[in-house]
1. What does the highest-first list of B:116-124, A:6-14, A:56-64 look like by mean Cβ count within 10 Å?
2. Could you order the peptides B:145-158, B:23-36, A:184-197, A:141-154 from most to least packed, using the average number of other C-beta atoms within 10 Å per residue?
3. Classify the protein assembly as shown: rounded, prolate or oblate, from the alpha-carbon gyration tensor (a ≥ b ≥ c, eigenvalue square roots; a/c under 1.5 rounded; otherwise prolate if a/b is larger than b/c)?
4. Please average, across the residues of B:265-271, the number of beta carbons from any other chain that are within 10 Å of each residue's own beta carbon, and give a whole number.
5. Which links in B:302/B:338; B:55/B:302; A:55/A:302; B:55/B:338; A:302/B:302; B:301/B:338 stretch past 28 Å when you go from one Cα to the other?
6. Could you check how many percent of all C-alpha pairs in the range A:14-172 are farther apart than 25 Å?
7. Assume the label is 7 Å from Cα along Cα to beta carbon: what separations in nm does residue A:81 have to the matching positions in the other copies?
8. Looking at chain B, what % of its DSSP beta bridges pair antiparallel, to the nearest 5?
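The values are calculated or read from the model by the stated rules, or taken from the named source; none is laboratory data. Being a predicted model, the structure only gives us computed values, none of them experimental. Backbone-built Cβ (ideal geometry, glycine too); neighbour counts: all protein chains shown. All accessible areas refer to the heavy atoms of the entire protein, side chains included, with ligands and DNA or RNA removed. Shrake-Rupley method; radii C 1.70, N 1.55, O 1.52, S 1.80 Å.
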Number of protein chains: 2
Amino acid sequence: MIIDVHGHYTTEPPEHPAYRKQQLARLADPSTPVPFPARISDDQLRDSVEQNQLKILRERGGDVMLFSPRASGMGHHVPDRDVAVSWARACNDLVHRISELFPEHFVPVAQLPQTPSGSLRRVVEELRRTVEELGFVGVNLNPDPSGTWAGLPMTDPYWFPVYEVLEELDVPAMIHVSTACNPNFHTLGAHYLNADTSVFMQLLSSDLFDRFPGLRFVIPHGGGAVPYHWGRYRGLSVRNGWQDPSELLRNVFFDTCVYHQAGIDLLTRVIPAENILFASEMLGAVRGADPDTGIAWDDTKKYVDHAGLSAAALAAVYEANARRVYPRLDRRLGEMGK
Amino acid sequence: MIIDVHGHYTTEPPEHPAYRKQQLARLADPSTPVPFPARISDDQLRDSVEQNQLKILRERGGDVMLFSPRASGMGHHVPDRDVAVSWARACNDLVHRISELFPEHFVPVAQLPQTPSGSLRRVVEELRRTVEELGFVGVNLNPDPSGTWAGLPMTDPYWFPVYEVLEELDVPAMIHVSTACNPNFHTLGAHYLNADTSVFMQLLSSDLFDRFPGLRFVIPHGGGAVPYHWGRYRGLSVRNGWQDPSELLRNVFFDTCVYHQAGIDLLTRVIPAENILFASEMLGAVRGADPDTGIAWDDTKKYVDHAGLSAAALAAVYEANARRVYPRLDRRLGEMGK
């Protein structure tokens, strides 16, 4: 079985982003009517994925996709907490309905109603609702809800209430920012990768996983710059008396959203196969195909298949690691006899 | 000949950082006496590099190092322009004196008196002084003088006065940030790499080099995350109608400050040899040796030698590219019969 741990619902019917626009309009002008989540039919939902993520998943030989709302649309920089909760619930309810329509193929992962600062109480509430009531198997956790890095590092006690519940529920978090609110950082070409790099570095110099040994983070986009600079991190660790970066691999995993063969070859050479989770980010940052090879940029299975991994390592990357890191995914698949 | 294009004067006699402390003390309390640059003897300067950068350069078979002041010490986030100018001049004068003491081995590269915003007039003045009067062959240009990314992208017309003079003087700029002023970003393990990635992305979506065809940037630390994610940049370019990333390689070069074999192998596989400049960042972020191999982390010649490059490619990476990208270095070496 091939499990893609990083898919986004980026083909929402237009009524859904229209609801977001109404939310923002009302924040700008409170005399605007209170908006309600769009009514979207099951047929609309089916159409939106059957011709897109599901079609491509099947064409490429994939079986199951962990499916979360559009990351760039999470919009955590908007400070209104009620709006954040309504928006996260609406987004999560859509991916949940899709997972009910296609239970064999889509497994939901939650957007959390983060805001730039303040209490995480309602974040924890939505985490519990999605996991305990709706069967979500993971969450996307934004290390920079402000979009300007105005908040605290992920090793700060500010975050601990979320970590406590992630540990309790045995649910991993993918570290995933939303849209950058700083013109220096292109969202898809810089901010995403910078966040991956920065959070790994925060973890390296901390003892967070001594405190939360059951906490697991998936760092997407192949870990940002981390595997390419693995020697730098090893050297910094020795010089500063930190743990070796390999120590983090008990709790930290990387996905395969790296869109060329040389990149995947580096990832699989540097990071043990047990810590690599197959993913495409489809439909995500990059669409279309390399004109030189005809291979779709995000058809990462092509690169992984050609990375020279053993059959055992491939089985780990494609299936076993995901089932181990996401125990609720494993249980769900088991209940379906898979 | 082996030319290292990225060395920092990180072994300054203590009187020099003491002067900086006095500068900052006076900013905090204007009743403090006006400080003056430390008096440092030639013997002190000789000692400070003979047992450090020069010794290691020789041991590793290097010949020439482009030598700039300590990057993390540039302190461009301090807004006082007079202080920025005094500090840059003091730093530049030291590396200039070292280049006079060891003309065969050290060639000076300037720190610029940047401040978080405002006029670049005095930046241009110090650029002219160092290049035209003191024989500097390059500069370090900080894309984030604020340390918090509060400024404008490097494609903004704000920067054009510097680019005009860089082009006129035929001097390249290494894109190099200083200390991060945001606790989310570790200076050496995240901020440096994020800056490299972010600036490349800024350039990719711009037409800056149409306007300044003679401008040349060296992106250090192996280009941050860029070569590892080359496919992502190619795909983003096709999707967004930008230039292909390879178009940037007329004006953009990467150094070899990547501290393990797998990273250098990726760099040399993805980036044409003509665009790779040998460098160690010595003595820089990472010191000491890999306990597994005994190889010093920043002994990047070891990795480059084992990257499987042809003799012609090695000659380009070690010498010819640096002489082409830094024409004033080439002239200086030529005058010495090299």
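1. Working: B:116-124: 16.1, A:6-14: 21.4, A:56-64: 17.7.
Packing order, densest peptide first, comes out as A:6-14, A:56-64, B:116-124.
2. A:184-197, A:141-154, B:145-158, B:23-36
3. prolate
4. Across the residues of B:265-271, the mean count of other-chain Cβ atoms within 10 Å is 4.
5. From B:302/B:338; B:55/B:302; A:55/A:302; B:55/B:338; A:302/B:302; B:301/B:338, over 28 Å: A:302/B:302.
6. Looking at the range A:14-172, the distances longer than 25 Å represent 34 percent of pairs.
7. 4.5
8. Numbers: 1 of 23 bridges.
In chain B, approximately 5 percent of DSSP beta bridges are antiparallel ones.
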